[in-house]
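Undergrad: Take a look at this one; I'll ask things after.
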Amino acid sequence: MARISRRSFGKRFIASAALTPALNFSMPNNLDSQQGRRPSLTDIDGILVGHFTHGARPTGCTVVLTREPCRAGVDVRGGAPGTRETDLLRPENVVEKVDAIFLSGGSAFGLGVAAGVEKYLEEQGRGFAVGKIRVPIICGAILFDLGLGDPAIRPGAEAGYEAARNAGDDAVAEGNKGAGAGATVGKLLGMERAMKGGLGSWAIRRPDGLQVGALVAVNAMGDIVDPATGKIVAGARNADGTGFADSMAHLRLAKAAPSGETGNTVIGVVATNAPLSKVQCHKVAQMAHDGLARSINPAHMPWDGDTVFAIATGAAGAPADPGIVGALAADVLATAVLRAVRAAESWGAYPAARDYPARP
């Protein structure tokens, strides 16, 4: 079986992910230096990531490739998901491993990204063996970003192919990139008070060699909250734009009536180098959702499609407790959510966290 070679991100689609010190990310204090580079999902042995970001409007896709087929699981918590092949990941079903997971903008149209990823993997000789034929196993999820710019422009097969072809092990580009390009947050009070979301990534490596990482596209109805401080860092704004409205406060005082008119959904991938089973990956995906609940308020609403995939490459060799992996996955996913909004840049009527005053 052919392996996917290392590739750098294509400069045509991927801009530098360097962030200014002024962003002042809140990070757990138990992270090491990751050998001098920013921690990212691609720090997990065997994981490659590529983006396609559309130039005509803010939308795109992100593809997570594995060097070898890996066991995976998924947990869908939102009430309005858009997914591909999530039933395949159910523990009782026959296929044990996947070749790729994609995250995409474009709402249901974005599911077409899978065809391009499939084509690329077929060219590499990857896939589930059915006689002499190999069928690439690709799972994915989409978010709604059709409200930013021309909705006729959305990622499809060509975008998926390019993202897969340019996948590499560089630190994942964050902010208005890939699946997070058209993401927005804080939509409980309507789009006119929303802010820009984005894509973020983070990872941890323990002294014993266990690695756990996360990548997430943050397109939430709720506010984004720093768990370390309890402060809102991005979310629904006051009518006069002077501060944050606090979505939960509006719900408690019956001042807000959410509707399904605004598109939401937080979609992400967590990964580990531990050799987990398919059932254990499912448990890790479940636990990872705690990271969304800590950093997004409210989360998992009926109008969200919140979905988290979990991948285990098995590169570490040594067994690991899935409960520990799940706890760490929630931790890095919460940090990735914060990075997504703090790395985002404003677009049109939607300001970004970096341009907006922090809540007192």
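The values are calculated or read from the model by the stated rules, or taken from the named source; none is laboratory data. These numbers were taken from a predicted model, which means no experiment stands behind them. Glycine gets a Cβ as well: all are built from the backbone with ideal geometry, and neighbour counts include every protein chain shown. Keep in mind that these areas ignore ligands, DNA and RNA; they rest on the heavy atoms of the full protein, side chains included. Shrake-Rupley method; radii C 1.70, N 1.55, O 1.52, S 1.80 Å.
Undergrad: Just to be sure I understand: with springs between alpha-carbon atoms less than 10 Å apart, which residue in ALA228, ALA214, ALA330 has the highest mean-square fluctuation in the Gaussian network model of the chain?
TA: ALA228
Undergrad: Here's another thing I want to ask about it. Tell me the angle of helix 113-123 to the major Cα principal axis of the chain, expressed in degrees between 0 and 90 and rounded to the nearest ten.
TA: Roughly 20 degrees between the two axes.
Undergrad: Moving on. Please report, in debye to the nearest 20, how large the charge dipole of region 167-239 is about its Cα centre when each Lys and Arg carries +1 at its beta carbon and each Asp and Glu carries -1 there.
TA: My answer is approximately 240 debye.
Undergrad: Still on this structure, I have one more. Let me spell out the model: positive unit charges on the Cβ of Lys and Arg, negative unit charges on the Cβ of Asp and Glu, origin at the Cα centre of region 120-242. What dipole size does that give, in debye rounded to 20?
TA: It works out to roughly 260 debye.
Undergrad: Okay, next question. Of LYS196/LYS231; LYS196/LYS283; LYS187/LYS231; LYS97/LYS283; LYS119/LYS283, which ones are farther than 21 Å apart at the Cα?
TA: LYS196/LYS283; LYS119/LYS283
Undergrad: Run the numbers for GLU123 and ASP240: contour at 0.36 nm per residue of separation, minus the present Cα-Cα distance, in nm.
TA: 36.7 nm
Undergrad: DSSP loop trypsin sites (Lys or Arg not before Pro) in region 250-346 with at most 13 other Cβ atoms within 10 Å of their Cβ, which ones?
TA: LYS255
Undergrad: Using only the Cα atoms of region 38-92, build the gyration tensor, take square roots of its eigenvalues as a ≥ b ≥ c, and label the shape rounded, prolate or oblate: rounded if a/c is under 1.5, else prolate if a/b is larger than b/c, else oblate.
TA: oblate
Undergrad: Please determine, in degrees from 0 to 90 and to the nearest 10, the orientation of helix 322-343 with respect to the longest principal axis defined by the Cα atoms of the chain, where the helix direction is its Cα long axis.
TA: Tilt of helix 322-343: around 50 degrees.
Undergrad: Which ³J(HN,Hα) values in Hz, rounded to whole numbers, follow from the phi angles of region 167-184 under the Karplus curve 6.51 cos²θ - 1.76 cosθ + 1.60, where θ = phi - 60° and Gly and Pro get x?
TA: For region 167-184, the Karplus curve yields 5, x, 9, 5, 4, 5, 5, 10, x, 7, 10, x, 5, x, 4, x, 6, 9 Hz.
Undergrad: Over region 246-360, what percent of the accessible surface lies on carbon and sulfur atoms, probe 1.4 Å?
TA: The C+S portion of the solvent-accessible surface of region 246-360 is 54 percent.
Undergrad: Rounded to the nearest 20 debye, what is the charge dipole size of the chain about its Cα centre when +1 sits on each Lys and Arg Cβ and -1 on each Asp and Glu Cβ?
TA: Charge dipole, the chain, about its Cα centre: 380 debye, nearest 20.
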